[in-house]
Amino acid sequence: MTEEQIAAIVRKAFLETLVESPGDTGDDDNPAGVFKSPRSQAAIQEMIDAGKKLWQRQYVDGNGGNLSYRITDKFVLCTPTLRSKGDLTFDDFSLIDLENVQLYGTRPQTSEIKLHLEIYKTVPEARAVIHCHPPYATAYAIAGILPPSNLIPEQEVFIGPMAMAPYETPGTWEFARTVVPFVKTHNTVLLINHGIVCWADSITHAEWFVEVVDTYCKTALIARQINPELPQIPPDKVLDLLSIKKKMGLPDARFEEAEKHSALPHVASSHMQLAEEESSVTHHNALPTDLEAKAAKVTAEIVRLLNEGQKSS
Ligand SMILES: [Zn+2]
């Protein structure tokens, strides 16, 4: 066995002791244990940071907008009602199940969380959801018009053509279900007369998508004032972008049609790979920095002792 293999086994054993330690029972059915676990605390910190970015960019006005993280298959961490997303603290968050029953936390969850829950139930890959009202994307949503497609590569790769969900009263299950027909093939949906919703594999990425979409809508609006007939990315080059997108595991309503005609070429690699980006929660093996340092120290010590043992035997 190589030193690397031994180190991997030791690290795994150390992680298992962590999961069994108080505050993280490793029992995914225990709401208090799940809420206090290092992964939940890291997820909450990620939501606090994303909330600040959304507020600074003026995507969440007043108490508007909401964020959530599916932390286990059954449990979701979410933001509370009546709180600015720029001022969130750890005590604001609660843990709920997929039927919107609050299991841990003292502040009532946002009523719009039902929208998030319907997305989690429909799309297993969705781990994080952000709903907000960014002005330019919301302007298209209240105008009832989808922005033009194929103008900027980043938009096509990360988002692609958006869908428009019909209007329903916010906070109701009827409202929540309006997005269900679209979310398997779209990570971003415009909510007519309301705002937008984005899902991703982490809150960090969902927040990126909000930024990409709103900037795209703003740029398209300005560009159309300069030239009403905007030049589009050529169709064969759009296929290149779709190929990159497929490799990144992002959804797109155009995949089915492109695959029917075997039109998706293979693209070896791209600088825009989400997989290379670090998110504290997406990588289930990743630990908070202090624990990572502890794990490295314990691993090194055990490998040293094993090596000594081997020499003396
Ligand atoms: Zn809203």
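The values are calculated or read from the model by the stated rules, or taken from the named source; none is laboratory data. Fair warning: this is a prediction, and the values are worked out from it, not measured in the lab. Every residue, glycine as well, gets a Cβ built from its backbone with ideal geometry; the counts of neighbours run over all protein chains shown.
Just one residue in the set SER94, SER111 is within 14 Å of the ligand (Cβ to nearest atom), in the same structural domain as ARG177 (by TED's automatic domain parsing) and not hydrophobic (A, V, I, L, M, F, W, C); that residue is SER111.
The residue list ASP61, ASP28, ASP49 contains one member that is of a type in the set (D, E, K, R) and either within 16 Å of the ligand (Cβ to nearest atom) or on the phi > 0 side of the Ramachandran plot (or both), which is ASP61. Cβ separations smaller than 7 Å between residues 6+ apart or across chains give the following pairs from segment 243-257 residues that are at negative phi to residues that are among the aromatic types (Phe, Trp, Tyr): LYS246/PHE255; LEU250/PHE158. Taking the listed residues ALA141, ALA128, the one that is among the small types (Gly, Ala, Ser), within 14 Å of the chain's Cα centre (by Cα) and modelled with pLDDT of 95 or more is ALA128, with no other qualifying. Note on segment 64-91: among residues that are hydroxyl-bearing (Ser, Thr, Tyr) and within 15 Å of ILE203 (Cα to Cα), the one that is farthest from the ligand (Cβ to nearest atom) is THR72. In segment 18-36, the residues that are at pLDDT 80 or above reach residues that are in a helix (DSSP H, G or I) and of a type in the set (Gly, Ala, Ser) with C-beta atoms within less than 9 angstrom, at least six apart or across chains, in these pairs: VAL34/SER40.
Across segment 156-166, a minimum of one residue is classified as surrounded by fewer than 22 Cβ atoms within 10 Å (Cβ to Cβ), within 16 Å of the ligand (Cβ to nearest atom) and touching a residue at least 12 places away in the same chain (Cβ under 8 Å).
When every residue of segment 33-42 is checked against the conditions, at least one turns out to be part of a loop (DSSP other than H, G, I, E, B) and more than 13 Å from ALA206 (Cβ to Cβ). Restricting LEU151, LEU239 to those that are outside the structural domain of SER111 (by TED's automatic domain parsing) and more than 16 Å from the ligand (Cβ to nearest atom) reduces the list to LEU239. Taking each residue of segment 96-115 that is farther than 17 Å from ILE130 by Cα and looking for partners that are within 16 Å of the ligand (Cβ to nearest atom) and outside any loop (DSSP other than H, G, I, E, B) with beta-carbon atoms closer than 6 Å, six or more apart or interchain, yields GLN102/GLN109; ARG107/PRO80.
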